[in-house]
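Note sheet for the following structure.
Here, each number is a calculation from the coordinates, and none is a lab measurement. Computed from a predicted model, the values in this text were never measured in an experiment. Using ideal geometry, Cβ is built from the backbone for each residue, glycine included, and neighbour counts are taken over all protein chains shown.
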Amino acid sequence: MSQSDIDATKAPLIEHLIELRSRLIKSIIAFVIAFGLCFAVAGHIFNILLVPYELAAGSAAAIRLQYTAPQEYFITQIKLAMFGAGFISFPIVASQIYKFVAPGLYKNERAAFLPYLIATPVLFLLGAAFVYFLAMPLAMRFFLSMQQVSAEGRPSIELIARTSEYLSLIMTLIFAFGICFQTPVVLTLLARAGFIDAQWLIDKRRYAIVIVFAIAAVLTPPDVISQVALAVPTILLYEISIYVVKMVEKKQAEQKADEDASAES
C-alpha cells in the first residue's frame with residue numbers, strides 16, 4: 001500500500017471519530033440536563049414511585065419509611081435523578097446512535113433498523129408499567145402480610161422500610177422487567193440475522209421456560225410473587241416472538257421470490 005493510500009484511509013477514520021465525539025457530547029449533555037431537572041424534583045419522583053406501596057398498604061398514611069444515615073436520603077435522590085435522567089435522555093441518546101450508524105447502512109437496512117429502535121423503549125416502558133401497577137403492589141402486599149399485630153404474649157412486628165432499600169427494590173424490578181420485555185426485539189433481530197428461526201424457537205420452548213424462571217430468580221427479590229410475575233409475561237413474550245419471527249420469515253421469503261422473479265425476467 002502506498003503512502004497516498006494510507007493517507008486516504010486516515011481521513012475517513014478521523015472524520016468518523018470526530019462525528020462519534022460530537023454524538024457522545026450531545027448524549028452526555030442531554031443526560032446531564034435531564035439529571036439536573038430530575039434532581040430538582042427528586043422528592044416528587046420518589047413520591048410517585050411510592051404509589052405501588054400505597055396500593056398495597058391501602059393509603060399513604062399507612063406507609064412509614066426511614067433513613068438511618070445522614071447522607072442516605074441524599075444519595076437516594078442522586079440515584080433517583082440518574083434513574084429519571086436515563087429515561088428522559090434515552091430518546092436523544094438513541095437518536096444520536098442511529099444518526100451515527102445510519103450513513104453506513106443501506107436504505108432497506110435503515111428501514112429495518114428503525115422499528116427496533118422505536119420498539120425498544122416502548123417495550124421497556126411496558127415492562128416498567130407492569131411493575132408499577134401489578135408486580136410491585138403484589139410484592140409489597142406479600143411483604144406487608146408478614147407483619148404481626150401485638151397481642152398477649154406476642155410482640156408487634158411492623159414493616160418500616162428504608163428509603164434506599166425501597167428504591168433499590170423498585171428500580172431492580174423495573175430494570176429486570178424492562179430488560180426481559182426486550183425478548184421479542186432480541187429474538188427477531190437474531191432471526192433476521194439468520195441465527196435462529198421460528199421452528200428452532202418452538203423446539204427450544206421447554207428449555208426457554210426453564211431459563212426464564214432461572215433468570216427471574218436471579219433478577220428479582222427472593223419471593224415467589226416477584227419471580228412468577230416476571231417469568232409469566234416473559235414466557236408470553238417468547239410466544240409472541242415466535243409469531244413475529246414467522247412473519248419475518250414469510251416477508252423474507254416473499255422478497256427472495258420477487259428477487260428471483262426479477263432476475264429471471
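Tabulated data
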{"item": "Cα gyration tensor, the range 45-190 - rounded (a/c under 1.5), prolate or oblate", "result": "prolate"}
{"item": "Trypsin sites (Lys or Arg not before Pro) restricted to the range 8-83 and DSSP loop, no more than 14 other C-beta within 10 Å", "result": "R64"}
{"item": "For the chain: rounded, prolate or oblate by the Cα gyration tensor [a/c cutoff 1.5]", "result": "oblate"}
{"item": "Exposed-loop-free span, longest in the chain, where chymotrypsin sites (Phe, Trp or Tyr not before Pro) count as exposed if DSSP calls them loop and at most 11 other C-beta atoms lie within 10 Å", "result": "1-105"}
{"item": "Farthest toward positive dipole pole in the range 119-254 [+1 Lys/Arg, -1 Asp/Glu at C-beta], among L159, G127, V245", "result": "V245"}
{"item": "Gaussian network model of the chain, Cα within-10 Å springs - most flexible of E72, E152, E239", "result": "E152"}
{"item": "Debye-sum result for the range 182-265 in log10 I(q)/I(0), which assumes one identical scatterer on each alpha carbon, at q = 0.10, 0.22 Å⁻¹", "result": "-0.34, -0.99"}
{"item": "Amide H partners (placed H, <5 Å) of I196, local residues excluded", "result": "A191"}
{"item": "For the range 141-152, 3J(HN,Hα) per residue [Karplus equation, 6.51 cos²θ - 1.76 cosθ + 1.60, θ = phi - 60°, Hz, x = Gly/Pro]", "result": "5, 5, 5, 5, 5, 7, 5, 10, 7, 5, 8, 5"}
{"item": "15 Å beta-carbon shell around I25, net charge (K/R +1, D/E -1)", "result": "+3"}
